[in-house]
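The structure under discussion appears below in the form of structure tokens.
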Amino acid sequence: MDRPLALEVRDLTVAYEEKPVLWDVDLEVPEGVLMAIVGPNGAGKSTLIKTVLGLVPSAAGQVRIYGQPYARRRELVGYVPQRGSVDWDFPTNALDVVLMGLYRKIGWIRRPARRERELALESLAKVGMAEYADRQISQLSGGQQQRVFLARALVQDAQVYLMDEPFAGVDATTERAIVALLRELRAAGKTLIVVHHDLQTVSEYFDWLMLLNVRHIASGPVAEVFTADNLRDAYGGRVAFVTPNAGSENGHLSEPQSLLSRGG
Amino acid sequence: MNLGQILHDLLFDYTLRTVAMGSAALGLVSGVLGAFAVLRRQSLLGDAISHAALPGVALAFLLTMSRAPLVLVLGATLSGWLGTLFVITVTRQTRIKQDTALGIVLSVFFGFGMLLLSIIQRMPTASKAGLDKFLFGQAATLMSRDVVTTAALGAAALLVVLLLWKEFKLLSFDPAFMKSVGYPVRRLDILLTTLMVIAIVIGLQTVGVVLMSAMLVAPAAAARQWTDKLGRMVLLSGGFGALVGVLGAVTSAQVGRLPTGPTIVLYVSGIVVVSLLAAPDRGIVAQLRRRRRQRVQFAAEALAIHLLNHEGAPDAAVETAIAHLRQHLQWDESFAERVTRRTITSGLAERSNGHLRLTSYGREVARRAMAR
Ligand SMILES: Nc1ncnc2c1ncn2[C@@H]1O[C@H](COP(=O)(O)OP(=O)(O)OP(=O)(O)O)[C@@H](O)[C@H]1O
Ligand SMILES: [Mg+2]
């Protein structure tokens with residue numbers, strides 16, 4: 001691989017109160033891929049992302065962004081948290097939330113100026129939310145809230161994006177729109193790392209894949225990694241209905257979510 | 001005592017003016033910081049801090065034998081802080097949950113404070129008197145040196161809030177994201193909590209440790225009802241705090257030796273109740289009215305669907321008779337009437353000699369509703 005590594009994780013072990021959640025995980029993500037992290041509930045996907053971002057301390061191992069620790073590469077990284085991680089009844093509007101992505105650049109004490117407002121509005125427009133700029137955030141639908149979070153990450157103008165389930169609670173049209181946006185970002189040379197839950201759409205949306213279940217199961221190009229064997233390893237033999245690498249048209253699962261419960 | 005007299009005294013009576021200014025200042029500061037406490041779900045922490053401050057007041061007095069406000073406030077701050085630190089450390093380092101840690105701090109510190117107070121009461125010293133006002137508050141004993149201390153500390157706290165406005169906003173909304181972009185979140189958290197401790201201790205003498213947390217939580221909860229903007233909520237909360245501070249202090253100072261804390265709580269409860277009930281949008285009345293309107297609207301659409309289903313069918317004459325609808329759709333009389341009226345006023349159907357007939361608009365709405 002001659003591309004530089006956007007993200008490199010070595011021997012990463014993470015535990016909450018002595019209960020290991022990630023065991024000795026290795027991962028290499030080359031620049032410019034659109035990658036899915038897939039695994040059952042409780043597999044540690046969110047934890048992996050949070051550890052990369054320094055939000056959760058690691059018990060062992062290291063994380064490198066373009067060869068440097070996260071603290072040195074912060075400006076290169078954008079983060080889209082799981083939507084449920086904040087209280088959407090907070091008294092503020094959509095534009096204000098997007099502006100939060102610029103606070104660090106604005107600096108201490110100073111308030112956002114006209115220029116920053118314009119950037120935030122542009123970013124809202126990119127996710128199709130321009131006309132909701134003044135809307136109180138509790139009055140947005142789940143999918144719209146998700147897009148506000150995306151806009152906040154876009155305005156960070158990062159190189160590497162980490163997104164925790166950006167498709168959760170989003171309708172089909174919005175999902176397509178977000179995928180189109182992610183592809184645009186990839187075309188601009190950005191690296192996107194996305195926690196994803198829908199096995200049906202993996203091959204269609206993504207070109208890179210990591211299967212995770214406490215341990216690193218497999219990672220690499222989707223065509224190589226998205227195999228029945230690997231899926232069985234990740235999900236504990238309960239995904240017999242998935243037809244790996246089938247096009248999304250004929251590879252439909254009737255109820256994909258119900259098959260994702262952790263086996264054994 | 002009439003209102004004109006009170007207003008006159010507020011302006012010209014030195015004692016009353018002092019009391020009013022002091023309690024307005026502390027109400028403003030605790031209202032502003034209370035808004036952040038409520039948004040960060042730290043209302044109970046405020047209660048624990050204020051109770052934890054009591055032994056600090058008593059110890060500061062025992063050690064210095066002085067009742068200088070700065071000395072007592074310093075003691076209160078230190079022990080309030082110690083209590084907070086205990087809560088934070090215990091929740092982070094052990095499996096004890098936050099509410100348990102808060103309960104421990106509140107009762108242990110408060111019990112210890114009461115013990116010290118009773119020791120002080122028995123001491124023969126002349127200057128001992130008056131520390132028990134820290135329990136339920138006594139605004140009438142406010143002196144101008146107290147007001148100066150309150151105003152100086154409060155102004156400093158408000159200045160910090162003003163300067164770090166956007167940082168505190170982000171800290172309250174999404175601390176994880178804030179940390180990911182490189183802010184020293186832990187330190188900002190400690191700073192904001194410290195400001196909360198300051199807001200509490202400057203109110204202790206006036207409001208008392210037992211009810212001080214009401215000054216923090218109630219104005220903020222009321223303010224949240226009226227607005228969806230953080231800036232307005234904080235201003236309104238500060239305004240409510242100042243208002244009930246003055247009202248409570250003046251009332252208790254005028255009416256014998258009524259303790260100030262409970263008096264203030266009485267006033268602030270009034271504001272909370274009105275806000276919960278009457279606020280536009282978030283108020284209970286507005287919500288009930290909205291829910292009722294939605295129910296009628298939904299029923300009107302259901303009625304349109306019913307009409308569409310029977311349109312042109314052999315039983316249409318029976319099924320669309322207004323008198324029949326009530327019985328058929330199992331609606332009581334007044335509701336059926338409201339729905340029928342709504343169906344007509346919103347142009348879904350027309351009345352023609354005792355029957356309802358869909359308009360073309362009504363037909364379209366019904367089709368679309370069924371397709372959902
Ligand atoms: N703050 C925490 N304290 C203790 N345990 C935690 C904490 N956060 C997560 N865990 C545990 O760590 C494991 C991994 O959680 P994580 O949220 O990373 O999983 P996930 O793969 O994102 O799951 P999901 O698909 O449900 O989002 C789970 O067993 C969870 O119970
Ligand atoms: Mg998760």
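The values are calculated or read from the model by the stated rules, or taken from the named source; none is laboratory data. Everything quoted here is computed from the prediction, not taken from an experiment. All Cβ positions, even for glycine, are placed from backbone atoms using ideal geometry, and neighbour counts span all protein chains on display. Areas reflect the complete protein model, heavy atoms only, side chains present, ligands, DNA and RNA absent. Shrake-Rupley method; radii C 1.70, N 1.55, O 1.52, S 1.80 Å.
Starting from the Cα of B:Glu350, step 7 Å along the direction of its Cβ; do the same at B:Gln297; then give the gap between the two resulting points in nm.
Rounded to a tenth, the inter-label distance reads 2.6 nm.
Please work out the average accessible area per residue across the protein assembly as shown, using the 1.4 Å probe convention, and give it in Å².
Accessible surface, normalised per residue, equals 46 Å².
Compute the distance from the alpha-carbon center of region A:137-198 to that of region B:284-304, in whole Å.
35
What dipole magnitude, in Debye to the nearest 20, does the protein assembly as shown give about its Cα centre under +1 on Lys/Arg Cβ and -1 on Asp/Glu Cβ?
Computed about the Cα centre, the dipole is about 1620 debye.
To the nearest 10 Å², what's B:Val296's accessible area with a 1.4 Å probe?
Counting only protein heavy atoms, B:Val296 exposes about 10 Å² to solvent.
Let me check against my output: what whole-number percent is the relative contact order of region B:285-371, with C-alpha pairs under 8 Å and at least 6 apart?
36
Looking at the square roots a ≥ b ≥ c of the eigenvalues of the Cα gyration tensor of region B:3-258, which shape do they give, rounded for a/c under 1.5, prolate if a/b is larger than b/c, or oblate?
Since a/c reaches 1.5 but b/c is at least a/b, the shape of region B:3-258 is classed as oblate.
Which pairs break 20 Å Cα to Cα here: B:Lys97/B:Lys229; B:Lys166/B:Lys229; A:Lys126/B:Lys169?
B:Lys97/B:Lys229; A:Lys126/B:Lys169
Out of the chymotrypsin sites (Phe, Trp or Tyr not before Pro) in region A:108-215, which ones are loop residues according to DSSP with at most 13 other C-beta atoms within 10 Å?
A:Trp108
At B:Leu276 and B:Leu288, where each label point lies 7 Å from the Cα along Cα→Cβ, what is the point-to-point distance in nanometres?
1.4
Set Lys and Arg Cβ to +1 and Asp and Glu Cβ to -1, take the dipole of chain A about its Cα centre, and tell me which of A:Ile109, A:Ala188, A:Val14 lies farthest positive.
So the residue furthest toward the plus end is A:Ile109.
Which shape class, rounded, prolate or oblate, goes with the protein assembly as shown when its Cα gyration tensor gives a ≥ b ≥ c as root eigenvalues, a/c under 1.5 marks rounded, and past that a/b bigger than b/c marks prolate?
Oblate, since a/c reaches 1.5 and b/c is not below a/b.
Ignoring ligands and nucleic acids, what accessible area does A:His196 show with a 1.4 Å probe (Å², nearest 10)?
10
Compute the length gained on full extension between B:Thr359 and B:Leu3: take 0.36 nm times their separation in residues and subtract their Cα-Cα distance, giving the result in nm to one decimal.
Taking B:Thr359 through B:Leu3 to full extension adds about 122.0 nm, to one decimal.
Counting only protein heavy atoms, probe 1.4 Å: which residues of region A:142-180 lose 40 Å² or more of accessible surface in the full assembly compared with their chain by itself?
A:Arg152
Could you work out the relative contact order of region A:2-133, using alpha carbon pairs under 8 angstrom and six or more residues apart, expressed as a whole percent?
Value for region A:2-133: 21 percent.
Within region B:279-298, find all residues whose amide N lies under 14 Å from a label point positioned 7 Å from the Cα of B:Arg341 along Cα-to-beta-carbon.
Inside the label zone: B:293, B:296-297.
What distance in nm separates the simple spin-label points at B:Ala156 and B:Glu333, each placed 7 Å from Cα in the Cβ direction?
Calculated label separation equals 7.2 nm.
In debye to the nearest 20, how big a dipole does region B:3-258 give about its Cα centre with +1 on each Lys and Arg Cβ and -1 on each Asp and Glu Cβ?
Around 480 debye, computed over region B:3-258.
Estimate for me the total accessible surface buried between chains B and A (protein heavy atoms, probe 1.4 Å, no ligands or nucleic acids), in Å² to the nearest 100.
So the total buried area for this chain pair works out to about 2900 Å².
Taking chain B as a Gaussian network, Cα atoms linked when under 10 Å apart, which of B:Ala321, B:Ala253, B:Ala101 shows the biggest mean-square fluctuation?
In this elastic network of chain B, the residue with the biggest mean-square fluctuation among B:Ala321, B:Ala253, B:Ala101 is B:Ala321.
With a 1.4 Å probe and all protein chains left in place, how much of the accessible area of region B:3-258 comes from carbon and sulfur atoms, in whole percent?
It is 71 percent, rounded to a whole number.
Need the per-residue list for region A:47-85: every residue with at least 50 Å² less accessible surface in the complex of protein chains than in the chain by itself, probe 1.4 Å, sorted by number.
A:Leu55, A:Arg74
For chain B, modelled as a GNM with alpha-carbon contacts under 10 angstrom, which of B:Val250, B:Val32, B:Val207 fluctuates the most?
Answer for the Gaussian network model of chain B: B:Val250.
Which of B:Thr345, B:Trp81, A:Leu162 sits farthest toward the positive end of the charge dipole of the protein assembly as shown, with +1 on the Cβ of Lys and Arg and -1 on the Cβ of Asp and Glu?
Farthest towards the positive end: B:Trp81.
Go through B:Arg293, B:Arg224, A:Arg74, A:Arg183 and list them by solvent-accessible area, largest first, probe radius 1.4 Å.
My answer, sorted largest first, is B:Arg293, A:Arg183, A:Arg74, B:Arg224.
Given B:Leu356, B:Val296, B:Ala316, which one lies farthest toward the positive end of the charge dipole of region B:285-371, if we put +1 on the Cβ of every Lys and Arg and -1 on the Cβ of every Asp and Glu?
The one lying farthest along the dipole's positive direction is B:Val296.
I need to check one value: relative contact order of region B:3-258, counting alpha carbon pairs closer than 8 Å and at least 6 residues apart, in percent.
RCO, region B:3-258: 39 percent.
For region B:122-184 and region B:197-226, compute the distance between their C-alpha centroids and round to whole Å.
About 10 Å separates the Cα centre of region B:122-184 from the one of region B:197-226.
Can you send over the carbon and sulfur percentage of the accessible area for region B:285-371, probe radius 1.4 Å, protein chains only?
50
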